[in-house]
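Notes to accompany the following structure.
The values are calculated or read from the model by the stated rules, or taken from the named source; none is laboratory data. Predicted model only: the values in this text are computed from it and were never measured. In this analysis, Cβ positions are derived from the backbone assuming ideal geometry, glycine residues included, and neighbour counts consider all displayed protein chains. Note: accessible area is taken over every heavy atom of the protein model, side chains too, but ligands, DNA and RNA are not part of it. Shrake-Rupley method; radii C 1.70, N 1.55, O 1.52, S 1.80 Å.
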Amino acid sequence: MKVRSVGILGTGVYLPEKVLTNADLEKMVDTNDEWIVSRTGIRERRIAADHEASSDLSIKAAEMALKNANLTADQIDLIIVATVTPDMSFPATACLVQDQLGASKAATFDLSAACTGFIYGVSAASQFIATGVYRYALVIGVECLSRIVDWEDRNTCILFGDGAGAAVLGPVEEGYGFLSYELGGDGSGGELLKIEAGGSRCPATAATVEEKLHSLSMSGREVFKFAVRVMNNATEGALAKAGLEKEEMDLMVPHQANIRIIESAMKRFGLTKDKVAINLDKYGNMSSASVPVALHEAVQENRIQKGDHVVLCGFGGGLTWGATVLKWSQEEAK
Ligand code: ACO
């Protein structure tokens, strides 16, 4: 089977207007700006308006990505929405997005890989395009984490934010686009990061609401250690599969969970700040939206040139991890 090169043709984002600063959080829980900045690097995050759900954020990011790719919604063959905060259990948020966008011929599904969701999403979508099954795919990473955070738990509520990032994938010049994928999971660590109730194991009851079992719970220290190890290993694996040395990496776009995790990767790969996309100070951890939003901002700031090696890497609940290497093509749809 002939395999064609697949790359990113356009990106887009949507960040809700409302900003929640560390000073605001000081009024809500026993915390302070100094602790949050020194332990995480986060200064503020965005919070979706009451009327906004993940599909609303997705549609705005998708419209921008389509415009930047010079495509219309009816040309899209596949929509993947990576999220742990879908509008509802079903229908899939991807179906809601398809309807609102008018992408009537697109196949649709949601993908649950927590903060690694966007990397899993582009990895999956690009296989369809590489094999000629589809031509154009829209991959969205979106979260309304403010809806699943326990706003009385200082261990978690300071970390997360809401937002959406989207990318349109399609065929690119041979030798450009995605060069390698390194995905992984370890379900034995699932307990470290989860929402316990609301599924078939523990359906919603008055008691589950009372016990806050619908809120995100996390063992921060364990996740931290795991994150440092797997993000570095996944990046090394993806570089090796692409036949590249770490010195050939032009831009790393890591998941934005904690500045100390990103700094450990910078040390491991000998990267200076100009070679890493960092935006967690402005948005916190937006789970599956973090990587596409950081990628979009790097594109907008002209930090990526044709031929650059861009590495997307992340980790998250599941546990999951992943990295993918792109040779940037800067093409619009033809
Ligand atoms: N303000 C002030 N003090 C706090 C706060 C806060 N917001 N939160 C915790 N503390 C306290 C703790 O209670 C603890 O006090 P104690 O020693 O008296 O018990 C102390 O600060 C230190 O707590 P640690 O948990 O050791 O702090 P740590 O340096 O590990 O930082 C953090 C915590 C930021 C959560 C870090 O562990 C981390 O970033 N972990 C990774 C999280 C992550 O990457 N998640 C990604 C996946 S998310 C997803 O997939 C949806």
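Just name the residue that is most open to solvent (accessible area, probe 1.4 Å) out of those in region 1-27 that are within 10 Å of the ligand (Cβ to nearest atom) and over 23 Å from the mean Cα position of the chain (by Cα). Walk me through it before giving the result.
So the first thing to find is which residues in region 1-27 are within 10 Å of the ligand (Cβ to nearest atom), and the list is 22, 25-26.
Retained after the next criterion (residues that are over 23 Å from the mean Cα position of the chain (by Cα)): 25-26.
Numbers: LEU25: 0, GLU26: 83 Å².
Residue satisfying both the conditions and the ranking: GLU26.
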Check: All but one of (1) in a helix (DSSP H, G or I); (2) more than 16 Å from the ligand (Cβ to nearest atom); (3) open to solvent by 50 Å² or more (accessible area, probe 1.4 Å) hold for ARG221; which doesn't?
Finding: (2)
Margin query: Being free of Cβ contacts under 8 Å to residues at least 12 places away in the same chain, of a type in the set (Asp, Glu), more than 29 Å from ILE76 (Cα to Cα) and not assigned by TED's automatic domain parsing to the domain that holds ASN68 is true for just one of GLU196, GLU222, GLU245. Which residue is that?
Written below: GLU245
Item checked: Failed criterion for VAL276 (all others in (1) within 16 Å of the ligand (Cβ to nearest atom); (2) of a type in the set (A, V, I, L, M, F, W, C); (3) touching a Pro at 6+ places or on another chain (Cβ under 8 Å) hold) -> (1)
Notebook entry, point to check: Just checking, which of LEU193, LEU213 is more than 9 Å from the ligand (Cβ to nearest atom) and surrounded by 16 or more Cβ atoms within 10 Å (Cβ to Cβ)?
Noted result: LEU213
Checklist line | Count - residues of region 247-270 that are more than 20 Å from GLY117 (Cα to Cα) and assigned to a loop (DSSP other than H, G, I, E, B) | finding: 3
Check: Of these, ALA69, ALA106, which one is hydrophobic (A, V, I, L, M, F, W, C) and out of contact with any Gly (no Cβ under 9 Å at 6 or more places or on another chain)?
Finding: ALA106
